[in-house]
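One structure is given here, and the rest of the page talks about it.
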Amino acid sequence: MRRWAPRLPAAASLAGACRAPSKTHSTPAESGSCAARRRHTMSGNRAADPRCPRAPARREAEGGTVAATVHARDPLVTEDIGRALAEMEFGSPPAVTRALGAALDREELGYLGAAEIDRLQAAVGGWLRDSYSWTPPVDAIRPVADLVAGFRAILTHFVPEGEPIIVPTPGYMPFLSVPPTIGRPVIEVPMLATDSGWRYDFDGLRRAFARGARLLVLCNPHNPIGKVAVESELAEIERIVDEFDGIVLADEIHAPLVLGDAPHIVYAARSPRAAAHTITATSATKAFNIPGTKCGQLIFTNPQHLARWAEVGHWYEHQTSVLGVVATEAAYRGGRAWLGETVEALRASVSEALAVLEAAEGRTGIRVRRPEATYLLWIDLRETGLLREGVCAARALREASHLVVTDGADCGEAGRGFVRFNAALPREHVREAMERLIRAAEDAG
Ligand SMILES: Cc1ncc(COP(=O)(O)O)c(C=O)c1O
């Protein structure tokens, strides 16, 4: 296998970025923190697909596995870059860490109670009003530990066993992997990749409803393709859902991470009809980089849905962390400036990745579209030599280049031949990662 000198000697560059976390550290540019790196090595790199087993972790590698042998032979290729999970290497808002520190000092370590739910509803309600001019009734904002738990709860209590759900694909991995584990099959409706961007296949959605599905997962902004839906698309979806008496689960967790000019439009806020057939899922955890604090929200804008949740939701709500409420409240009340800087840093990182990949497209065949939101790049490897029978692309890249990505097939059939790259890294690490990808494609021929 050919080796190359990374632009920055990988071990030195990553170690150099690994400063002791500072209490005053605030800007994303400063925050290639040790905590972030710890997450990177310990949890960020999990492979989601059992068909693509996890590559040796650092601990195993240091214990003398093949990877350790490679490291010993070649000090230039020593560190994984990338994440299979959607978290950022940009730390978290100082307002959050301060609030968590104060909460620990006060020993706020009990179960979630009514007072915390009130605080959460007020903070989330204020954020939605100020950000999107949306004012759902505060009592309709309900806590859950995280959105995957919320998704599972909605499937369990709002979709009869055996009834399929609809997921536009490529989709966020748990939208595809969780439903079958609880007896809800998935109908995948591939998004259409047109010259002017990603489009919904409205006929495909109609056909899926006609096959007996009732719940549509509408992920907007859309992980992993970074699409931001426009009003005319949302209006057509609203018509189709209404025609089939369907329900929309509107996952808007990436809403604050819009990178382009098109604004995020809250689906349920657009009309009483949309509100009546929608359960919205949202959370501060993605944009403010606090997923480990465990606090998401489901917003029930149909009173019957809310009444049903009142019957079944208690134990889901109860799993929400009090510290997650503290973190969410602090993020929403004191994190807006940090978010603005982070979005700028993400634009820079995404642009860096696109520039490097596009410059090499003629040599590599790697293709990528600019995401309108999120920090995820959906990278098309179908014209490269990287795809081999029986080995998923993510694993091949991990082994050849120490590049950690999500395999596109985990995002549905439409994702085969693609990988998802998390570009929420400092720019120089993004460049290094993309250079590894390019070199791997060149090596693969
Ligand atoms: C679209 C989408 N929904 C939900 C989640 C999961 O959120 P949580 O950590 O609250 O389960 C993610 C995480 O990446 C996501 O991208």
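Numbers below:
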{"item": "Count of segment 365-378 residues which are in contact with a Lys or Arg (Cβ under 9 Å, 6 or more places away or on another chain), farther than 25 Å from Thr285 by Cβ and not in a loop (DSSP other than H, G, I, E, B)", "result": "1"}
{"item": "Filter result for Glu352 (among the charged types (D, E, K, R), over 21 Å from the mean Cα position of the chain (by Cα) and more than 16 Å from the ligand (Cβ to nearest atom))", "result": "no"}
{"item": "Qualifying residue in segment 171-189 (condition: within 29 Å of Arg416 (Cα to Cα), among the hydroxyl-bearing types (Ser, Thr, Tyr) and touching a residue at least 40 places away in the same chain (Cβ under 8 Å))", "result": "yes"}
{"item": "Count of residues meeting criterion [surrounded by 21 or more Cβ atoms within 10 Å (Cβ to Cβ) and free of Cβ contacts under 8 Å to residues at least 12 places away in the same chain] in segment 249-294", "result": "0"}
{"item": "Looking only at segment 295-320, and only at residues there that are in contact with a strand residue (DSSP E or B) (Cβ under 9 Å, 6 or more places away or on another chain) and either under 16 Å from Glu87 (Cα atoms) or polar (S, T, N, Q) (or both), the one that is surrounded by the most Cβ atoms within 10 Å (Cβ to Cβ)", "result": "Cys295"}
{"item": "Residue within segment 175-189 that is under 16 Å from Glu413 (Cβ atoms), among the polar types (S, T, N, Q) and in a strand (DSSP E or B) present", "result": "no"}
{"item": "Within segment 166-188, tally of residues that are within 12 Å of the ligand (Cβ to nearest atom) and of a type in the set (Gly, Ala, Ser)", "result": "1"}
{"item": "Segment 385-442 - residue that is at positive phi and touching a helix residue (DSSP H, G or I) at 6+ places or on another chain (Cβ under 8 Å) and, of those, surrounded by the fewest Cβ atoms within 10 Å (Cβ to Cβ)", "result": "Gly417"}
{"item": "Any chance Arg420 is among the charged types (D, E, K, R), modelled with pLDDT of 95 or more and not in a helix (DSSP H, G or I)", "result": "yes"}
{"item": "Total residues in segment 126-165, condition touching a strand residue (DSSP E or B) at 6+ places or on another chain (Cβ under 6 Å), more than 16 Å from the ligand (Cβ to nearest atom) and assigned to a helix (DSSP H, G or I)", "result": "1"}
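The values are calculated or read from the model by the stated rules, or taken from the named source; none is laboratory data. Please read all numbers here as calculations on a predicted model, not as lab measurements. Virtual Cβ from ideal backbone geometry, glycine too; neighbours counted across all protein chains shown.
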